[in-house]
Amino acid sequence: MKIAVLADLHLSDNFNTVKMTALQWALQEVQAGQCDLICCAGDLTAEGSDKQTDEVLRRLQSCPVPFCSTPGNAELRRFSDGRNARKFAVDAAAGVPVILIDTALDEPTPADLAKLAALPAQSGCLLVTHNPIRQWSESAQQIAREAMQRNAVTAVIAGHSHHDADGILRGLDPDKASGGAPMFAVMEQQPDGSWLRSDVVMPGISPEEWSDSEREAFRRRIGISTMWEEVAAFEFATEHRIENVELRMELNCPPELPVLIEKWRAAGGKVLSLHLPELRLDDPEDKLHKYVLLACKLQCNRVTLHVPKVTAAGFAAVQEQLLDKLSGDMQMLLQNNIVVGIENLHTTGSANTFETRNFGCCIDECRSWIELLRKRFATDKIGFHLDIGHARNNAPISGRENLSDWYERMGNLINGWHWHQVEHREGKFFNHCPLKGFYDKLIVLSGFFMAQAAGQLRNAPIFLEARTWAGNVESYQQLMQNLKKERLGK
């Protein structure tokens, strides 16, 4: 028997993202591979909304291959009472050697543990669950070990962790599946009752499948942020012929900087950006204006400007004041033919409600602000600068607006990118860490590659924005090494 195990798609309410592409591909491959059963291991939805639940189940039910399923924790996000999670509790048909263990609440339910404990010896079952066994309580793990010792269970497969390991698969989510492109596993039972796992990986995503010219064009898009070390950064950019550089600097410009910029441009430098300070109603030092003057003086091609520094709840009351405050500086930028990229922010700590968080952490707010600016200043030179780390580390909004949602809904406005890794250490998330791969945790770029191939994204410069200049050097060198043909796929 061949069983296709699907997990961790996290489909949002937006069905136009590349996540739907991944689901469609998986269901087609299951049929092409002549699998006997689809087994879903949880988190096929982003939140377990009615819309997500109905669509995923509709597509599973429309597939000629029968399916069984157990929910994941994501299926409880919208409705903690489990009304939609229960719809994913679909047992395998009688006689099928699969036991489904519900770990949507992390720990197996008492009923499922009893079912596992009562499983007859030599049943040779495949145990499918969402939360990996190693994360269960010790007492629950012991019941699983005993089932394996008596060959009631001869293989285990789980999701949740978004990476590949023994008994774990990284899943279908192009925004979270670390280690490679979206995939599902096929478990095939052998004559002795054991199970052989083979992974089916979505093709056409990895740069290793691109032409040399496509890889070279992508390399040229990857630039750096100077992070307050302008001299070292421009020397590095000139030496390595990096076309895109964003200045993150103090106002007291090093005297040699204009010369270094000219040398960089002579060596092929194309896009010079300046990261501006925040737009605030209270700016007694007129800091934003001084940086706008600097952008004009240095003949920047573009600038990056955060959404206004105001709470989401307070934005509507002051939006006209913010537009008036920005008016002179925006006109100066546009008159100097400088493109403006409006950057998204993210929630922080306990400041994650509408009343406490900053405006511009969600898609609708970013889009509405850009539309207001475009209307006020009658220009299309104001676009969106997507910081993927901010969008990823943005709970609870990131639960319903994944990176793929940002790509699909904001892609036509994007004129710049910030790339950096988000790391989870000691129970906290940290932005602006070096990004050293395309499929690392927690920033995964399969969704970017897929959205790019689907035509959802404009071609725009990418600026690596680790917290330090040394981190950006590390990121740049590692990504360039990863793009070398002999290194691809490793």
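The values are calculated or read from the model by the stated rules, or taken from the named source; none is laboratory data. A quick note: this is a predicted structure, and the numbers were derived from the prediction, not measured. Here Cβ is always computed from backbone atoms with ideal geometry, including for glycine, and neighbour counts include all displayed protein chains. Keep in mind that these areas ignore ligands, DNA and RNA; they rest on the heavy atoms of the full protein, side chains included. Shrake-Rupley method; radii C 1.70, N 1.55, O 1.52, S 1.80 Å.
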Counting only protein heavy atoms with a 1.4 Å probe and every protein chain in place, the carbon and sulfur fraction of the accessible surface of the chain in whole percent equals 49 percent
So the FRET efficiency between residue 283 and residue 240, C-beta based with R0 = 45 Å and rounded to 0.05, is 0.80
Rounded to 0.05, the calculated FRET efficiency for the beta carbons of residue 252 and residue 134 at R₀ = 51 Å is 0.45
Tilt, helix 469-483 to longest principal axis of the chain (alpha-carbon atoms), in degrees rounded to tens, equals 60 degrees
Over region 158-293, with neighbouring protein chains present, the accessible area per residue in Å² at probe 1.4 Å is 43 Å²
Taking a probe of 1.4 Å and leaving out DNA, RNA and ligands, region 29-154 shows per residue an accessible area in Å² of 43 Å²
Here the chain gives, from Cα atoms, an Rg and Dmax in Å of 25.0, 79
The extension gain from residue 50 to residue 32, computed as 0.36 nm times the residue separation minus the Cα-Cα distance, is 3.5 nm
From the Cα centre of region 434-488 to that of region 362-410, the distance in Å is 20 Å
Everything considered on the Cα gyration tensor (a ≥ b ≥ c; rounded for a/c under 1.5, else prolate if a/b is larger than b/c, else oblate), region 1-109 must be described as oblate
With N residues in region 165-216, Rg(alpha-carbon) / (2.2 N^0.38 Å) equals 1.50
Reported to the nearest 10 Å², residue 154 has, with a 1.4 Å probe, an accessible area equal to 50 Å²
The extension gain from residue 425 to residue 123, computed as 0.36 nm times the residue separation minus the Cα-Cα distance, is 104.6 nm
For residue 5, the net charge from surrounding residues (Cβ-Cβ under 13 Å; K, R +1; D, E -1) works out to -4
The FRET efficiency for residue 107 and residue 24, from their Cβ-Cβ distance with R0 = 45 Å and rounded to 0.05, is 0.85
Taking Lys and Arg as +1 and Asp and Glu as -1, residues besides residue 235 with C-beta under 12 Å from its C-beta add up to -3
Helix 287-297: inclination vs the chain longest Cα principal axis, degrees, rounded to 10, gives 70 degrees
Measuring from the longest principal axis of the C-alpha atoms of the chain, the long axis of helix 138-149 (C-alpha) lies at a number of degrees, nearest 10, equal to 50 degrees
